[in-house]
Amino acid sequence: MSNDTKHGGPNPESPATKTGERAQDPVISGRIINCVPQLPYRISRNDQYSALNGDDPSDEWDMEPISGNSALYSSLYLLRDSPDWEEHVVGWTGEIDPGNGFAYVAPTDPSLKSGDHSANEDSKYNSQESNEDPLYLSKEQKKVMALKLQSQEDSQNKMTVHPVWLLRRDQSRWRGYADNVMWPALHYILNPPSDGQKENTWWYDYVKFNEAYAAKVAQIYKPGDIVWVHDYNLMLLPQLLRMRFGDAVIAYFHHAPWPSNEYFRCLSKRKQLLDGVLGSNRICFQNDGFARHFVSGCKRLLDSTSTKNKNAKGEWLISAYGGDVVVDSLPIGVNTEQILRKAFTSDIDAKVKTIKDAYQGKKIIFGRDRLDSVRGVVQKLQAYEAFLAMYPEWRDKVVLIQVSRPTSTGNGLKLEQQVNELVNSINSQYGSLNFSPVQHYHMRIPEDVYYSLLRAANVCLITSVRDGMNTTALEYVTVKSKASKDKCYAHPLVLSEFSGSSTVLKDAIIVNPWDSVAVSKSLKRALSMTNTEKDVLEKKLWARVPTIQDWNTSFLERMVAIAEKRDSEDSKITPALNRPLLFKTYQAAKRRLFLFDYDGTLTPIVQDPAAAIPSAKLFRILSKLAADPNNQIWIISGRDQQFLSKWLGSRMPQLGLSAEHGCFMKDVACEEWVNLTTKFDMSWQKKVHDVMDQITIQTPGSFVEKKKVALTWHYRRADPEQGEFYASKLKKTLDGFASELGLEVMEGKANVEVRPKFVNKGEIVKRLVWHPLGEKQLYDDDFTIDESVPKDRLPEFILCLGDDFTDEDMFSQLNHIEEVWHKKFPDGKNDCGHYGFYPVTVGSASKKTVAKAHLTDPQQVLDTLGLLVGDVSLFQSAGTVELDDRGHVRDSESSMKSEQAGVAYNMRRTASLKDAS
Ligand SMILES: O=P(O)(O)OC[C@H]1O[C@H](O[C@H]2O[C@H](CO)[C@@H](O)[C@H](O)[C@H]2O)[C@H](O)[C@@H](O)[C@@H]1O
Ligand SMILES: [Mg+2]
């Protein structure tokens, strides 16, 4: 790992610096790390290969370019050839087809028949299930494959390819969550209800998939690199990287549509996904509408705030989790130069002629779509059927050539059947023995055939009901922009209003694919246009086709500007808590101190303060934590003693408690409460209460919570605007006399609180940290901090969690103590190079905090604590596991077993090859 600054956790080098503060690193290094969901090749083992015959090892693997995502891949190639950038591409290999050659090794050692790597299972390579078995590749084989991938992409080594290996059984598992859960939701499809078990398994794999990328990027990352993450398979990656590299410049581009929040919020992992992607500095969509949906989702699901950027049109700033994230849109383009070069060759001229000759006297309507439920192939056929019914004069004068590519998403078989039925119905109604008005090809077609069809077409018909950016539309307009002898110039495009490309190609003949009559009328219009009309239309459309060159340039220019602005403003980023590091420090430490706020940290905020009681899950986790004699747990809350005793102390006497923001303390395993404010004159209470009463009368729904010392005015149940208005009025009034009475007025979550200034949560933290862990607290009147406590009596691990303004006192106190320790105990750091301090804020957004890391909400708090006590799976959330090349947790039992099996497998294979020769 080149530069793991351990953001999201303690910073060993400079305790006083706020996490996110940059060292003297370059703002931009000139390197781009492009993370793509898959490298653009289908890799399969060549069955003819034989090492013993002296074949070149690289001949063992065939690599065939895959179709789809052409715009993304051409963006990568352009960057590769750019003199301004050094490009690194990180991508999964896709499912590697092991070929039959992996099957012929007979089991020689019966003891190897265990788990997912038995010799028996090896024999399955001959069977249809071959793709489901693990692929045991030796280090050498991986090296050869990596080199071949590299040379495939770039013989001059201008771009470096970093394959992500995930070779475990059933390699398609890595797409499970993205394909089966996310893809439908992003395309407005609701999955039927289920018990969630399958989804959970897919989710774990999704987390691991993202972790594998994070580990790969971490191996190559240098400060100043721009990390560019592509699409929804990798939504957790930005946050995983942010945990490791607080200062990294991370961009996420979402290639698919982003739905209305009404759909997105149906995902059970909606918060995790948003949290993951919000690790980016910039989140970019294909169009403004998608970006707007995203912003609205963040507001509703994460309570984030957003502002329109006045200087940049169509740009939002979302304040989420401590950093401002730019949200905007930039429609992807195509490589127009290359398309024109490839589509106008003598070979393609000949192919165009063949097609035109085959359909002489007929106009060609062309369509190419993936065969999934959102590309609208069914709608297209229905509209075409309506067209032939409505306009009999066109029946023998038109043909629809529809190419439907097979895909892994959507409901394949059923759709295929529906499409076939429609094709048959149209052809039997309107065709004859020697002519079928629909020519349907359910296949991938080679590039030259595709360009020939684009050129030969008289109309291109796109009826998708949802897509991000339809590059066929862009490619068609591009091809039609060039005049040639075969009259292929300027033929119209009929385009669905639901396609992302309709926001770019606004002058196309826009249709609603759900209205087949209207589509059929538009088809007629398109087919009947004069040359002049077509010319006018093409010119308008051609001017709007975004090029991939421009897309790359604009995207990166904006990223550089974002990076420079961040640098000049010295903006602070609060990264997500680095949970693997937390876990590691926790396990290594013997004296551990937990300092927990209560409301909004251990329990979610609710309308009624009395209803915010601890959950069974919280008790279970706290009990497990407390059962470890090395752990001491304190709840440091604004709540009063009565509440804390009733709900926590009486059930778990082993907890230390502090009430009313530091006014009271009750030591661990002790019943007696100590009042730290006895010497303070309490006559202020009446004055403050009177003022609060006045405001309560004016604010229906509000009320005063009177504790022993502190007073809290709550307005959560009032009208929000009215509540905020009177809260600020109240604060102003109270501030008028607070300091002369030695009081502090604090604005909390829908409340205004008052307490003596000399007590606060930070003072409690000071007492607890500067104290031999495990010894009783002293409560003498003139308490002073004893800084002579030897280091080996002080805590080695401190996790401090809080959600509110008042918790900042705890965080600053910890930051201060860490600074003192740096001077006092320079040799007292742990193996990770720090003192084990974790000041962590809980929640959102615009909040300015001195905490070093954040967790999103109480649920994530419990998941994190659950992780420490072994209650929560490592795979539940991102940021917890490191994987080996097969996708097993690194150094785990299954990883080691799998490695052994791999070695044994390769030995058997070599032996068998020798025997065979
Ligand atoms: O320091 P804490 O443990 O976080 O306590 C802060 C205050 O929390 C309570 O009020 C807040 O939580 C309520 C329940 O979710 C919510 O209804 C209210 O709007 C919040 O302000 C509590 O009532 C206060 O006494 C605490 O000071
Ligand atoms: Mg709180």
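For a test of the definition: using alpha carbon positions, the gyration tensor, and the 1.5 limit on a/c, classify segment 467-549 as rounded, prolate or oblate.
The shape class here is oblate.
Roughly to the nearest percent, how much of the accessible area of segment 684-756 is carbon and sulfur, given a 1.4 Å probe?
51 percent
Restricting the count to DSSP beta bridges whose residues both fall in the chain, what percent are antiparallel, rounded to a multiple of 5?
Counting DSSP beta bridges with both partners in the chain, the antiparallel share is about 30 percent.
Note down the nm distance, to one decimal, between modelled labels 7 Å out along Cα→Cβ at Gln418 and at Lys829.
Reported label-point gap for Gln418 and Lys829 is 6.1 nm.
How much accessible surface area, in Å² rounded to 10, belongs to the heavy atoms of Glu724 with a 1.4 Å probe?
120 Å²
On a full-extension model of 0.36 nm per residue, what is the gain between Gln219 and Ala483, subtracting their alpha-carbon distance, rounded to one decimal in nm?
90.1 nm
In sequence order, what are the phi-derived ³J(HN,Hα) couplings for segment 434-441 according to the Karplus relation 6.51 cos²θ - 1.76 cosθ + 1.60 with θ = phi - 60°, rounded to whole Hz, with x for glycine and proline?
Each residue of segment 434-441 in turn: 10, 8, 10, x, 10, 10, 9, 10 Hz.
How far, in nm, would the chain grow between Met907 and Lys706 when pulled straight, counting 0.36 nm per residue and subtracting the alpha carbon separation?
64.8 nm
So, in nm, how far is label Glu724 from label Thr305 when the simple model puts each one 7 Å beyond its Cα toward the Cβ?
0.8 nm
For Asp55, which sequence-distant residues (separation of 5 or more, or a different chain) have an amide H within less than 5 Å of its own amide H, given hydrogens modelled in the peptide plane?
Distant-sequence amide H within range of Asp55: Ser50.
Sum -39500 (n - 2.57) across every DSSP H segment of at least 4 residues in the chain, then divide by the residue count to get the 222 nm mean residue ellipticity, nearest 500.
-11500 deg cm²/dmol
Taking the dipole about the Cα centre of the chain, with the C-beta of Lys and Arg at +1 and of Asp and Glu at -1, give me whichever of Leu495, Gln417, Val277 is farthest to the positive side.
Leu495
Just subtract the alpha-carbon distance of Glu893 and Thr532 from 0.36 nm times their residue separation and send over the number in nm, one decimal.
122.8 nm
Can you list the trypsin sites (Lys or Arg not before Pro) in segment 500-585 that are in a DSSP coil and have 16 or fewer other beta carbons within 10 angstrom?
For trypsin sites (Lys or Arg not before Pro) across segment 500-585 that sit outside H, G, I, E and B with at most 16 neighbouring Cβ atoms in 10 Å, the list reads Lys506.
With +1 on the Cβ of every Lys and Arg and -1 on the Cβ of every Asp and Glu, and nothing else charged, how large is the dipole of segment 336-545 about its Cα centre, in debye rounded to the nearest 20?
360 debye
Hey, with R₀ at 30 Å, roughly what FRET efficiency would Ser296 and Thr553 work out to, going by the Cβ-Cβ distance, to 0.05?
Efficiency, rounded to the nearest 0.05: 0.50.
Can you give the FRET efficiency to the nearest 0.05 for Met682 and Leu778, using r as the Cβ-Cβ distance and R₀ = 25 Å?
0.55
With r defined as the distance between the Cβ atoms of Ala627 and Gln859 and R0 fixed at 30 Å, what FRET efficiency is calculated, to the nearest 0.05?
0.85
Mind checking the per residue accessible area of the chain for me, 1.4 Å probe, whole number of Å²?
Normalised by residue count, the accessible surface of the chain is 41 Å².
Using the Kirkwood radius over Cα pairs, work out the Stokes-Einstein diffusion coefficient for segment 684-756 at 37 °C and 0.692 mPa s, in µm²/s as a whole number.
For the chosen part, D equals 277 µm²/s.
For Asp448, what charge total do you get from the other residues with a beta carbon under 9 Å from its beta carbon, if Lys and Arg give +1 and Asp and Glu give -1?
0
What residue among Tyr450, Gly246, Ser151 has its Cα farthest toward the positive end of the dipole of the chain, where the charges are +1 on Lys, Arg and -1 on Asp, Glu, each on the Cβ?
Tyr450
For the chain, what log10 I(q)/I(0) values come out of the Debye formula at q = 0.08, 0.10 1/Å, with one point per alpha carbon and no solvent?
-0.85, -1.17
Could you order the peptides 168-177, 802-811, 883-892 from most to least packed, using the average number of other C-beta atoms within 10 Å per residue?
Those peptides, ordered most packed to least, come out 802-811, 168-177, 883-892.
Between Lys539 and Asn180, what is the spin-label point distance in nm, taking each point 7 Å from the Cα along the Cα→C-beta axis?
The two pseudo-label positions are separated by 5.4 nm.
Tell me which residues come under 5 Å, amide H to amide H, from Val164 once H is placed; ignore anything under 5 positions away on its chain.
Gly91, Trp92, Thr93
Considering only the other residues whose Cβ falls under 13 Å of the Cβ of Phe435, what net charge follows from Lys and Arg at +1 and Asp and Glu at -1?
Residues close to Phe435 contribute a combined charge of +2.
Going by the alpha-carbon gyration tensor, a ≥ b ≥ c the square roots of its eigenvalues, is segment 336-545 rounded (a/c under 1.5) or, if a/c is not under 1.5, prolate (a/b greater than b/c) versus oblate?
Note, shape of segment 336-545 comes out rounded.
May I ask you to evaluate 6.51 cos²θ - 1.76 cosθ + 1.60, the Karplus curve with θ = phi - 60°, for each residue of segment 493-502 and list the ³J(HN,Hα) values in order in whole Hz, giving x for glycine and proline?
Here the 3J(HN,Hα) series is 10, 9, 10, 5, 5, 8, 7, x, 5, 5 Hz.
Please get the size of the charge dipole for segment 423-524, origin at its Cα centre, with Cβ charges of +1 on Lys and Arg and -1 on Asp and Glu, quoted in debye to the nearest 20.
Charge dipole of segment 423-524: 260 debye, to the nearest 20.
Counting only residues 5 or more places away or on other chains, whose amide H sits under 5 Å from the amide H of Asp857 once H atoms are built in the peptide plane?
Gly843
Let a ≥ b ≥ c be the square roots of the eigenvalues of the Cα gyration tensor of segment 655-809; is it rounded (a/c under 1.5), or, if not, prolate (a/b larger than b/c) or oblate?
Taking the square roots of the gyration eigenvalues as a ≥ b ≥ c, segment 655-809 is prolate.
Plugging the Kirkwood radius over Cα pairs into Stokes-Einstein for segment 384-457, at a temperature of 4 °C and a viscosity of 1.567 mPa s, what D comes out in µm²/s?
Reported coefficient: 94 µm²/s.
The values are calculated or read from the model by the stated rules, or taken from the named source; none is laboratory data. The model shown is predicted, which means the values in this text are computed figures rather than measured ones. Glycine gets a Cβ as well: all are built from the backbone with ideal geometry, and neighbour counts include every protein chain shown. Calculation scope for accessible area: heavy atoms of the full protein, side chains included, ligands and nucleic acids excluded. Shrake-Rupley method; radii C 1.70, N 1.55, O 1.52, S 1.80 Å.
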